Every structure is written in structure tokens, then in C-alpha cells.
Amino acid sequence: MTTPTTRRPTPTRQNGAFAGGLILVLLLCLVAASFFCVWVFLQRMERLYAHHIYPRVYALGVPIGGMTTTEAARALEGVAAQLNTGMLILTDGDQRWSFAWSQAGLRVDARAMAEEAYRFGRDGGIEGQLSVWLRHADTPLRFTYDAEAGRAVLEQVATEASTPPEEATIRLENGQVVIVPGKPGRVMNVSQTLLALTTAKAGLHRVEVPLTFEIVHPVEPNTADITAQAEALLARNITLTAYDVLTDQTLTWALNREMLATWLRLTPGPDGKPVVDANLYAIRDSLVALAEALGDGRGFRYDEAAQQVFRAFDAGGGTVALYLTHPQRTYSVQSGDTLTSLSAKFGMPSGLVAEANPGIDYNRLSVGQQIIIPSQDVLTPYMPVPGKRVVVSLAEQRVRVYERGALLYDWPTSTGIATSPTHQGVFQVLSKHEKAFASQWDLWMPYFIAVYPAGGGVENGFHELPILANGQRLWAGSLGRPASFGCIILGIPEAETLYNWAEVGVVVVVE
């Protein structure tokens, strides 16, 4: 008979559940302890870095962890100033203007980057705080924009990119006045372009911004009114004259309708409507063309002459006397030339020739050497007085005075001696002094009329028989032969007569 076996129940399932629960509890405790440790660590670090940027934070490659925002901004400013922020291209569709973005107002904002760096680890809860300790953080670029710098760049471009409207012009076709329509212009809208610049700022790359323009239309003239005004101006007569002191000739130009037409332009009138007027610069261009046609270097004092002609034309026309200029010359020395012979050849006082050629030894002139001969204008700087002329004959020792081509006076004179000669040439009354003093010779020169600069600040000219310091008349009885130190001596009544007759600008020829 078999005895039944009694089995004890096994606690395997219950024990496993208990062990798993225990492990879970332990893990939760471990996690809680870990979180607690992390929380304690972060709280401690937060207190430690309460006013400082967390470690492992960089900006522009600079480690700024542990700095205050002020310290970080200061550390970044030097690097930011060297950073290439890229190029700005401004275009009108045809042309392009390139500038560094920094020149156009874009700057790296060091302060904003420092404040951004300070926020690393402080935003995003524990995860955000913890991330800054696990890896280094790079602060993104932040920019600031200086609108005034941008405006300065745009205003610089505006001067080149803006074009004024071409107003209607006047010209002659087959002798008839024709109104040529104008063309629109454009003006850059700086404010709108600046707005586009502000929204386009990016940095570190090439940015192209189109310029904004406003179209400016020319004023449309009333053709009938403008034609009538132009015809009235073209009917004016302008005659130009210029006296050549070297040739004793008067040049004359009667300006024709075609030339006058080149002066006309349309300008805004008092009511804003176009009116016809003369262009001063076009008048000057016409004078240049007339002078060039002479072909020998003669010309006019163009600015002065243009003003003279403009005033005459504006007044209704007439004859305008212009000053005729002469060019400076360059002479190649020939065999036998001396300073004295050059002076006589060109009618230029030797002192002025010497002053125009400093450094030249006139005792050792060589064949082919280049000598500058000053312009005749140095000797005759004033507008010649029409109808009056004085001629001094060195050979005859006579002074002859002419008015309107007729001989008015014929007097004996004493000119310079051989060692201090009176220079030959074409001169002019430069100034007048009723009683001049010659300190070099200690004598008085009554009724002195300066006619040419002799060099060194000395002027020669006409005067009465000089008076020495003791009251004695020098060279009395010498009239009719050379006696002076270069001046042209006249008798007592003659000198006063000439002094009263000859004003500044009268031409004086010494031959």
C-alpha cells in the first residue's frame, strides 16, 4: 500500500514580485536622489553665477563664461570691430555701387550678444540649465543698424544716381527757331531706399538692394511764347572788338544769328513757366571758339569777357570792347644773343626776362637754350584807352602824343643813358603820382607816370626834370639827348600837360 507524499507550496512567484518591487523602489530612490543632487548642484551654480555668464559659453570665438554682461560686451567689442559683415550692393539696374555693410551702418551688437549669452542655461528649465554644463554653447550673431550711416551712404550714391530732367532746348533749323522737347529725369528717394536697407540687413554675406527713384518731368513750354521770346533775343545785335597793342590793330566780330542761338536756354520764370534767357557758359564757349580761330595763342580774359557780353546782350545788344591777351613765349637762344638783345628783340624789359628765368646765367647763354619770354599782358594789364597813344622815339629823343590818330603834342625828351637805357617795347600807363620819390638816387620826380616795370620792384616812366634834395633841377638843359637812368624826362610844363591828359591804360610805345 502506497503512502501518499505531502508537497509544500513554493513561494517563487511571491518572492519575485517582492524583489522586483524592492528594486523599483531602490531605482526610484536613486533617481530621486540623482535629481536632488542635480537640483542642489544647479541651485548652487545659479547662486554662484547669479550675475555672471555660465561657463562653456562662447561668442565670436571668445570664451566669455564667468564674465558679467558688461565684461563680456567689452571683450567682444574689439573682435566685433574686426568682423567682416559682408557687402552691400546698391543698384539702379544698370550701375552698381559696392560698400562694406559696416560702412552702410550694419554693426555686430556686442551688448546684445552678451545679454544673449547670459540667458544660456537660464531658459528652458532644468534641461536647459543642465545642457550648458554638458556641452559648450555658441552665442548666435546679433546685429544693430545705424540708420544715419546708411543715410550718409545713400546720399552719396544719390548724387551720382540721380539725374535732373533735361529741359526743352532751343536751336535753329534752316534759320527757324525750333523747340526741342525735354527728357524726364529721376531723383533717388533716400527715405524709401533706407527703409529697404533696414529690412535687408543680414550680415556676413552679399546683399543687393535696388534703389528707389521718383521720376521728375521737365516743364513743358508754350511753343508759341518761347518762339516769340527767342526771336526777339536773336534780333539783338552784338559786336565784339579787341585792340591788339602789339600790332596797333582793332579786331572786330559781328556775331551772327546762329552763334546767338547757341546762347539761348530755357529757365524757370517768376511764375514757374519757362522763359528764354542767355547762358553765360555758352557765351564763354563762343569766346573760346573765336580766340581759337585766331590760331596764334591770343585770347580773352574769358570769365571777364563773358560777363561783359552777357550784360550787353541782356541790355539789348551793342558793341563790347574786350581785352585781348597774348601768350607767354619760349625762345631758343641763337648765336650772339644776350639778355640786352633779347630784351630789345621782344620788347620786354631785361629785368622781367631775368625774373621769368631764375637760375639762368645770362653771361653764359648757350645756343639752343630755352628762354621764357613773359606775356605782353605783364606790360599792358589794363584795357587800352581808345583813341590815345604816346610814342617815344629813342633815336630822335622826342615824345609824340596822338589823339584819334592826330598828332597832339611833339616834345623833346631825355631818355636813359647807355649804361641804364630806356627799354623798347609796347607799354601802358600803369599809375600816376603827382610827386614821386626815387630813394635809389635821392631825388623827387614831379608828375610821375609809370609805364613799365623794370624788375626788382622798380618802375620807369615819364616825369618832369627831377629835383635833388638841395632843390636843384637835375639835367636842366639836357632835353634832346639821353641823360636819365631809364625814365623819360620832359620839360616842366610838358610833364604836367601829359600827366593831366594820359589816364591809366593809355598805350605807350618806346621805339
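The values are calculated or read from the model by the stated rules, or taken from the named source; none is laboratory data. Keep in mind that this is a model prediction, so the values were computed, not measured. Counting neighbours? That spans all protein chains shown, and the Cβs are built from the backbone with ideal geometry, glycine included.
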Item to complete: Out of Ser343, Ser332, Ser286, report the one residue that is modelled with pLDDT under 95 and of a type outside the set (Asp, Glu).
Response: Ser343
Fill in: Matching entry among Arg284, Arg298 (being in contact with a Phe, Trp or Tyr (Cβ under 6 Å, 6 or more places away or on another chain) and buried (at least 16 other Cβ atoms within 10 Å of the Cβ))
Arg284
Worksheet item: Arg111: closer than 28 Å to Glu208 by Cα, over 38 Å from the mean Cα position of the chain (by Cα), modelled with pLDDT of 85 or more and surrounded by 11 or more Cβ atoms within 10 Å (Cβ to Cβ), yes or no?
Response: yes
Worksheet item: How many residues, within segment 257-273, are acidic (Asp, Glu) and under 19 Å from Ala224 (Cβ atoms)?
Response: 1
Discussion item. Can you tell me which condition Ala450 does not meet? The list is (1) more than 39 Å from the chain's Cα centre (by Cα); (2) farther than 16 Å from Val508 by Cα, and all the others hold.
Written reply: (2)
Response to the item:
The residue from Arg171, Arg186 that alone is part of a strand (DSSP E or B) and surrounded by 15 or more Cβ atoms within 10 Å (Cβ to Cβ) is Arg186
Worksheet entry | Subset of segment 347-393 [part of a helix (DSSP H, G or I) and free of Cβ contacts under 8 Å to residues at least 40 places away in the same chain] | Val353, Ala356
Item to complete: Answer yes or no: is there a residue in segment 206-218 that is modelled with pLDDT under 95, touching a Phe, Trp or Tyr at 6+ places or on another chain (Cβ under 6 Å) and crowded, with 17+ Cβ neighbours inside 10 Å.
Response: no
Practice prompt. Determine whether segment 383-403 contains at least one residue that is under 43 Å from the mean Cα position of the chain (by Cα), closer than 15 Å to Tyr499 by Cβ and not acidic (Asp, Glu).
Written response: yes
Fill in: Test: residue in segment 397-410 that is at pLDDT 95 or above, assigned to a loop (DSSP other than H, G, I, E, B), of a type in the set (S, T, N, Q) and within 27 Å of Asp244 (Cα to Cα)
yes
Response to the item:
segment 211-304: helices (runs of 4 or more DSSP H) wholly inside it with 1 or more residues that are in contact with a Pro (Cβ under 9 Å, 6 or more places away or on another chain) and not hydrophobic (A, V, I, L, M, F, W, C) are 223-234
Worksheet item: Which residues, counting only those in segment 292-310, are touching a His at 6+ places or on another chain (Cβ under 8 Å) and among the acidic types (Asp, Glu)?
Response: none
Discussion item. Looking at Trp263, Trp253, can you tell me which residue is surrounded by 14 or more Cβ atoms within 10 Å (Cβ to Cβ) and in contact with a Leu (Cβ under 7 Å, 6 or more places away or on another chain)?
Written reply: Trp253
Item to complete: Among residues belonging to segment 422-447 that are buried (at least 19 other Cβ atoms within 10 Å of the Cβ) and within 17 Å of Val399 (Cα to Cα), point out the one that is farthest from the chain's Cα centre (by Cα).
Response: Tyr447
